[in-house]
Amino acid sequence: MDAGRLSGSFFLLQTASANERCMMAVKNPSKKSKTVVACRKSCKAKGTGLSHYILMDKKAKKK
Amino acid sequence: MTPAHPEAAAPSRGRYVGTGNGPALQAIDIRHPRYAALIEPDTAFWALLRRDKLAEVALGGELVRVYRKKAARFAEEMRTLRFGLTPSAVYFNPTERCNLNCTYCYIPEGMRRTGRHMSRQKLLSALEVLKHYFRGTMPKGSLPQIVFHGAEPLLNRDAVFAGIERYAQDFRFGIQTNATLLDDSALAFLGQHEVSVGISLDAPTAAVADRTRSNWEGRGVHPQVLGAIERLRGYPAWSVISTISSENLRHLVPLVDFLHAREVPTCLMNILRTTLPRSRQVKPDDAAAARYFLAAMERTRELYQRTGRKLIVGNFANILLAILAPSARRLMCDISPCGGGRCFFAVTPNGDLFPCSEFIGLEEFCGGNLFREDISAVLQSPAFRLVTGRRIEDIDPCRHCAIRHFCGAPCPAEAHQVNGSMQKTGAFCEFYEEQVRYAFRLIADEKVDDFLWDGWDEGMASVLDFAR
């Protein structure tokens with residue numbers, strides 16, 4: 001990841017998730033706006049995606 | 001720099017943004033008071049830049065250096081998403097018939113009125129063929145998904161339930177129904193067999209819903225659908241699909257209120273497809289659709305803030321995912337090529353195979369028959385390749401559009417039927433443009449989590465995290 005190579009205000013809380021860090025960059029309105037924010041996540045694309053039906057991650061369970 | 005597209009590389013070192021092999025960054029106005037977006041369309045890379053620093057940051061510096069290092073990886077991710085997937089799901093139409101005559105249905109009227117059921121034996125045989133096909137293509141430990149779809153699948157309930165019972169260990173099953181036949185016994189069976197349930201509802205009141213959804217005698221079915229919604233409360237995996245037309249456009253915010261109040265966990269608010277001529281009678285205006293749709297999205301957030309409970313609108317969540325985590329997208333309409341014929345396909349009651357249910361009324365898109373031809377060969381048939389080969393780079397104005405991989409120019413069936421060619425757009429453009437702008441504004445204002453299910457990024461790797 002690039003965080004280690006970037007300086008200044010790029011580093012944020014070590015305990016925060018990447019998403020939280022990215023979002024925290026524009027979080028506090030009392031501080032000056034960040035100049036640049038960019039983030040991206042990745043996972044294995046599974047390719048299941050029916051246009052007229054929402055594929056649920058969780059299985060339906062017995063009522 | 002490693003070019004994002006090595007096959008198209010010019011003898012350029014790519015030293016500058018915007019020329020030769022340099023990053024093709026495009027700035028877009030997202031109508032945010034502080035930020036604009038910078039996008040490299042081919043890799044779906046984006047950054048939000050303070051408007052007063054746009055030129056300075058976009059022309060070089062740290063952000064561009066970081067992007068250069070990651071461009072090839074991002075390009076490969078998009079290539080896999082667009083061209084490297086194989087089917088893992090099937091729309092399975094167990095009957096041509098429907099007890100409703102909805103204005104915008106993409107199944108031809110004659111089929112729905114007097115069509116055939118698939119026999120129980122045929123349905124079981126079809127599932128057996130699919131089981132063997134997917135056994136050779138799916139990763140170990142993953143189950144393919146079968147969604148009984150329509151027409152109205154519960155008109156052929158005995159055959160459908162027999163299939164679910166026999167192949168419970170081989171597929172994940174879902175059923176999309178108009179809910180008129182979803183009685184207690186059906187629901188008990190579906191729950192027992194862990195079947196996901198999707199029902200259709202377009203408006204909170206019968207007066208609006210019945211304009212587009214009614215039976216063959218012209219009578220609405222709103223009360224039956226409301227009854228089913230009440231019975232589905234607490235069911236772990238259910239959803240509502242609403243179709244946006246000119247008839248319900250102004251009622252999307254009340255619809256959100258209605259669905260949220262009934263604890264619907266997830267819905268889709270799909271823009272109408274104008275593939276068949278009758279549906280064009282209720283085509284909404286593009287810009288108006290965007291305006292009302294975004295108001296509905298705002299309403300979901302207000303309700304979440306007020307109650308702590310989300311109503312996820314799946315198609316908008318998918319656009320957010322397309323931006324935040326392209327490979328995590330669930331629905332495959334808004335990527336080019338779309339998922340039709342490559343991520344999923346459709347089976348008709350006689351075993352014919354189409355790239356997607358949208359094509360079922362268009363005989364020239366039948367790629368073969370499940371009982372006669374090898375599925376792998378059908379996927380490579382000229383009919384399927386017309387759809388799977390539809391690339392956004394071949395469509396104007398999409399080839400120049402910064403958000404082309406957040407939109408995908410849906411839908412090929414609509415483009416073909418309405419605009420006469422696969423190399424045309426579908427019926428809507430601003431509807432998608434405005435959704436993407438809105439999504440970027442939500443990112444800028446740190447509101448995206450309010451529109452996505454809890455834990456949406458669990459198990460994902462962070463591949464870019466830049467803020468300064």
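The values are calculated or read from the model by the stated rules, or taken from the named source; none is laboratory data. Note that the structure is a prediction, hence the values are computed from the model and not measured. Here the Cβ positions follow ideal geometry from the backbone for every residue, glycine too, while neighbour counts run over all protein chains shown.
At-a-glance table
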item	result
Cβ pairs under 9 Å, 6+ apart, first in region B:340-354 and acidic (Asp, Glu), second part of a strand (DSSP E or B)	B:Asp352/B:Ala346; B:Asp352/B:Gly368; B:Asp352/B:Asn369
Condition broken by B:Pro265, with the remaining ones in (1) within 30 Å of B:Asp445 (Cα to Cα); (2) within 12 Å of another protein chain (Cβ to nearest Cβ); (3) touching a Gly at 6+ places or on another chain (Cβ under 9 Å) satisfied	(3)
Condition met for B:Glu96 (more than 9 Å from every other protein chain (Cβ to nearest Cβ) and not hydrophobic (A, V, I, L, M, F, W, C))	yes
Condition check for B:Asp465: touching a strand residue (DSSP E or B) at 6+ places or on another chain (Cβ under 6 Å), of a type outside the set (A, V, I, L, M) and part of a loop (DSSP other than H, G, I, E, B)	no
Selection count where residues are in a loop (DSSP other than H, G, I, E, B) and among the charged types (D, E, K, R), scope region B:388-408	3
Number of the condition not met by B:Gly60 [criteria: (1) in a helix (DSSP H, G or I); (2) within 13 Å of chain A (Cβ to nearest Cβ)]	(1)
Wholly within region B:276-382, helices (runs of 4 or more DSSP H) carrying at least 1 residues that are under 19 Å from the mean Cα position of the chain (by Cα)	B:286-307, B:314-324
Residue match in region B:153-161 (condition: within 14 Å of chain A (Cβ to nearest Cβ), within 26 Å of the chain's Cα centre (by Cα) and under 21 Å from B:Thr243 (Cβ atoms))	yes
Selected residue (only one of B:Tyr167, B:Tyr91, B:Tyr106 is among the hydroxyl-bearing types (Ser, Thr, Tyr), closer than 29 Å to B:Ala209 by Cβ and in contact with a strand residue (DSSP E or B) (Cβ under 9 Å, 6 or more places away or on another chain))	B:Tyr91
Hits in region B:297-327 - residues which are out of contact with any strand residue (DSSP E or B) (no Cβ under 7 Å at 6 or more places or on another chain) and either within 21 Å of B:Leu48 (Cβ to Cβ) or facing another protein chain (nearest Cβ under 8 Å) (or both)	B:Glu298, B:Arg301, B:Phe316, B:Ala317, B:Asn318, B:Ile319, B:Leu320, B:Leu321, B:Ala322, B:Pro326
Residue count, region B:413-460 (criterion: away from chain A (no Cβ under 14 Å) and of a type in the set (Lys, Arg))	2
B:Gly389 vs. criteria surrounded by fewer than 23 Cβ atoms within 10 Å (Cβ to Cβ), at pLDDT 95 or above and either within 27 Å of B:Gly18 (Cα to Cα) or away from chain A (no Cβ under 14 Å) (or both)	yes
Every pair of residues 6+ apart whose Cβ atoms lie under 6 Å, when the first sits in region B:237-253 and is more than 14 Å from chain A (Cβ to nearest Cβ) while the second is assigned to a helix (DSSP H, G or I) and aliphatic (A, V, I, L, M)	B:Ser245/B:Val282; B:Ser246/B:Val282; B:Glu247/B:Val282; B:Asn248/B:Val208; B:His251/B:Val208; B:Leu252/B:Ala296; B:Val253/B:Ala295; B:Val253/B:Ala296
Residues (out of contact with any Phe, Trp or Tyr (no Cβ under 9 Å at 6 or more places or on another chain) and either in a loop (DSSP other than H, G, I, E, B) or within 12 Å of chain A (Cβ to nearest Cβ) (or both)) located in region B:174-186	B:Asn178, B:Ala179, B:Thr180, B:Leu181, B:Leu182, B:Asp183, B:Asp184
Unique residue being within 10 Å of chain A (Cβ to nearest Cβ) and assigned to a loop (DSSP other than H, G, I, E, B) when the list is B:Tyr67, B:Tyr106	B:Tyr106
Qualifying positions in region B:187-236 - small (Gly, Ala, Ser) and either under 27 Å from B:Gly110 (Cβ atoms) or at the interface with another protein chain (Cβ under 10 Å from one of its Cβ atoms) (or both)	B:Ala188, B:Gly191, B:Ser196, B:Gly198, B:Ser200, B:Ala209, B:Ser214, B:Gly218, B:Gly220, B:Gly234
Residue match in region B:358-374 (condition: without any contact (Cβ under 8 Å) to a residue 40 or more places away in the chain and either within 14 Å of chain A (Cβ to nearest Cβ) or touching a Lys or Arg at 6+ places or on another chain (Cβ under 6 Å) (or both))	no
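Matching residues to (1) free of Cβ contacts under 8 Å to residues at least 40 places away in the same chain; (2) of a type outside the set (Lys, Arg):
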{"site": "B:Ala383", "(1), (2)": "yes, yes"}
{"site": "B:Arg404", "(1), (2)": "no, no"}
{"site": "B:Ala413", "(1), (2)": "no, yes"}
{"site": "B:Cys429", "(1), (2)": "no, yes"}
{"site": "B:Phe440", "(1), (2)": "no, yes"}
{"site": "B:Lys447", "(1), (2)": "no, no"}
{"site": "B:Leu452", "(1), (2)": "no, yes"}
{"site": "B:Ser462", "(1), (2)": "yes, yes"}
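Yes/no per residue for (1) farther than 15 Å from B:Asn178 by Cβ; (2) modelled with pLDDT under 95:
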position: B:Val197; (1), (2): no, yes
position: B:Leu201; (1), (2): no, no
position: B:Ser245; (1), (2): yes, no
position: B:His251; (1), (2): yes, no
position: B:Val256; (1), (2): yes, no
position: B:Glu263; (1), (2): yes, yes
position: B:Arg273; (1), (2): yes, yes
position: B:Lys283; (1), (2): yes, no
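Yes/no per residue for (1) touching a Cys at 6+ places or on another chain (Cβ under 8 Å); (2) crowded, with 22+ Cβ neighbours inside 10 Å:
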position: B:Ala89; (1), (2): yes, yes
position: B:Asn93; (1), (2): no, yes
position: B:Arg97; (1), (2): no, no
position: B:Ile107; (1), (2): yes, yes
position: B:His117; (1), (2): no, no
position: B:Val129; (1), (2): no, no
position: B:Leu143; (1), (2): no, no
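Results for (1) in contact with a Leu (Cβ under 9 Å, 6 or more places away or on another chain); (2) over 27 Å from B:Lys131 (Cα atoms), shown as yes or no for each residue.
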residue	(1), (2)
B:Ile175	yes, no
B:Asp184	no, yes
B:Ala188	no, no
B:Gln192	no, no
B:Val197	yes, no
B:Asn215	yes, yes
B:Arg219	no, yes
